[in-house]
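First the structure, in the form of structure tokens, and then the observations on it.
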Amino acid sequence: MHPNRLFHIGEPAAMAAMVRDLGFGTLVAPTPDGLRAVHVPVLIDGDRLRFHVSRSNHLHAALVGGVEALFVATGPSAYISPDWYGLADKVPTTNYVAVELNGPVRPLDREGLVALLDGLSAAGEGRLAPKRPWTRAKMTDGVFEKMLNAITGFEMTIRDWRGTAKLGQDKPAAARAGAADALAALGDLRMAEAMRR
């Protein structure tokens, strides 16, 4: 995370909201062959982060064995030209929002995996409203159960929360607004909105 405390996200609830909104991130854990990463859809509830991994994934065996892992959720990011600040002697930078969570990981039982998959589907389908939600009830009998054999669900108990929202807070309000306006003009509305908040 960024060393400047001005950019730190201090509240776990704010970090959890970002992870919930993104619903996806990168999990990194040690294996006998070194660090490996897997990109996973996630659900977060309190200090619990749940996700699933293919049994054929290189990280699967390490996760089943129980390891300490790092999860990273990355929100919007954007290159910031010093020209946009309207200030002298500034340099280019990148603004970004990110959350890092780490803690021990354990496998879920089959019932927990089914609940995870139903929750992930409900969260994803909820983002598509007013579309009528998909549910596994639309699947042919037996297909879902067979697919379960290809994945394992996991839960991380979040021990450490670290968040960064580097959005130009170290610049005067007019400079931040100038950079946000320039990003919006280029079509980067997510970062422009984050900087304006």
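The values are calculated or read from the model by the stated rules, or taken from the named source; none is laboratory data. Because the structure is a prediction, the values reported are computed rather than measured. Methodologically, a virtual Cβ is constructed for each residue, glycine included, from the backbone with ideal geometry; neighbour enumeration extends over all protein chains shown. With ligands, DNA and RNA removed, areas are computed over all heavy atoms of the protein, side chains included. Shrake-Rupley method; radii C 1.70, N 1.55, O 1.52, S 1.80 Å.
What to note about this one:
- Residues of the stretch 90-117 satisfying the condition of being under 18 Å from F154 (Cα atoms) and open to solvent by 60 Å² or more (accessible area, probe 1.4 Å): P104, R106, D109, R110, E111
- Among all positions in the stretch 55-66, there is no residue which is within 25 Å of K166 (Cα to Cα) and among the β-branched types (V, I, T).
- Qualifying residue in the stretch 34-43 (condition: modelled with pLDDT of 95 or more, exposed (fewer than 14 other Cβ atoms within 10 Å of the Cβ), under 17 Å from the mean Cα position of the chain (by Cα) and on the phi > 0 side of the Ramachandran plot): no
- All conditions but one from (1) touching a strand residue (DSSP E or B) at 6+ places or on another chain (Cβ under 9 Å); (2) at pLDDT below 95; (3) under 20 Å from F24 (Cβ atoms); (4) not hydroxyl-bearing (S, T, Y) apply to A129; the one that does not is (1).
- Contact map, the stretch 99-118: residues that are without any contact (Cβ under 8 Å) to a residue 60 or more places away in the chain and in a loop (DSSP other than H, G, I, E, B) paired with residues that are among the charged types (D, E, K, R) and surrounded by 14 or more Cβ atoms within 10 Å (Cβ to Cβ), Cβ distance under 6 Å, separation 6+ or inter-chain. Pairs shown: L108/E155.
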